[in-house]
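The values are calculated or read from the model by the stated rules, or taken from the named source; none is laboratory data. Predicted, not measured: the structure shown is a model, and the values here were computed from it. We place every Cβ from the backbone using ideal geometry, glycine too, and count neighbours over all the protein chains shown. Note: areas computed on protein heavy atoms with side chains; ligands, DNA, RNA excluded. Shrake-Rupley method; radii C 1.70, N 1.55, O 1.52, S 1.80 Å.
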Amino acid sequence: KLERQRLADKLERPDSYEHVWEGAYKTSQKGSYYAQLLAQARRQGRIGVVPYDPLMTFRAYVDIGGTGARADAFVMWFVQHVGREIRVLDYYEAVGQPIGAHLGWMRLHDYTPSNTQFWLPHDGAQHDKVQQVTYESALKDAGFRVTVVENQGAGAAAQRIEAVRRFLPRMCFHEQTTEPGLKALAWYHEKWDEKRNIGLGPNHDWSSHAADALGLMAVTYQEPKPAPRATATTFTAYDPAFGA
């Protein structure tokens, strides 16, 4: 009976299987938005070693934190779009650090204005509470191309979640450099009212910053344009330019 239950859990509840049956640490929470999709990605070999294309741009998607001691985390995902495949190659997270610290980390990891472009949420155009600059202006001053995404208004969090769910089956994660971000995505979950047994929307905790930054990527993703189809040239039975 236990063996049947174990096999059923492995098939139907892969997000909690390792914790329940293999003694692993708990890595997901009730109401997790992405745990099952990430478990599927691991089974399919989409979490592991993922190469980058040196000829393609790195796309940095950001969730902005602050510079105070209790500030939210500043997060960056580094992604390449290769055909219809979304390669998630690197992850960065820091708390309470100034903009210069983030740029210093990027220089150490060879993310430069020549190979990297930024996407910021709408608050990227707002001034930092400590330093009188915006993230947009600071990155542009450093030579980077920057796109600030407009405020999506009411329901923005739900839009990000559904967009990530839609595109996760196309994503491949380089595990060695994205492991902290993957843990955050697996933990990201809905706040739950136990008394009324209803969901109250995304829980804002340590995991939500990584989820919001990846959500920014998903809501701004544009499908690659198909390559133009070759057209055949038709000749008549006799064409003076080519002979009979």
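On the first, second and third principal axes, largest extent first, how far apart are the outermost C-alpha atoms of segment 58-209 in Å?
Projected onto the principal axes, the Cα atoms of segment 58-209 cover 51, 39, 28 Å.
Just in segment 103-204: which trypsin sites (Lys or Arg not before Pro) are loop by DSSP and have at most 16 other Cβ atoms within 10 Å? Intermediate results must be reported in sequence, preceding the final value.
On the way: sites: R107, K129, K140, R145, R160, R165, R166, R170, K183, K191, K195, R196; in loops: K129, K195, R196.
Here the sparse-neighbourhood loop sites are K129, K195, R196.
Which of the listed residues, A101, A73, T112, is farthest toward the dipole's positive end in segment 73-128, when Lys, Arg count +1 and Asp, Glu count -1 at the beta-carbon?
So the residue furthest toward the plus end is T112.
Within the accessible area of segment 35-179, what % is carbon and sulfur when the probe is 1.4 Å and the other protein chains stay in place?
49
What is the antiparallel percent of DSSP beta bridges lying wholly in segment 83-197, to the nearest 5? Present the calculation step by step, with values, prior to reporting the outcome.
Numbers: 1 of 8 bridges.
Expressed as a percentage, antiparallel bridges in segment 83-197 total about 10.
Provide the FRET efficiency to the nearest 0.05 for the D123-R42 pair, computing r from the beta carbons and using R0 = 30 Å. Walk me through the numbers on the way to the answer.
Details: r = 33 Å, r/R0 = 1.10.
E between D123 and R42, to the nearest 0.05, is 0.35.
By how many nm would the segment from Q222 to A94 grow when fully extended, if each residue of separation counts as 0.36 nm and the alpha-carbon distance is taken off? Intermediate values should be presented prior to the final figure.
Numbers: separation 128, 0.36 × 128 = 46.08 nm, distance 2.85 nm.
Extra length available between Q222 and A94 comes to 43.2 nm.
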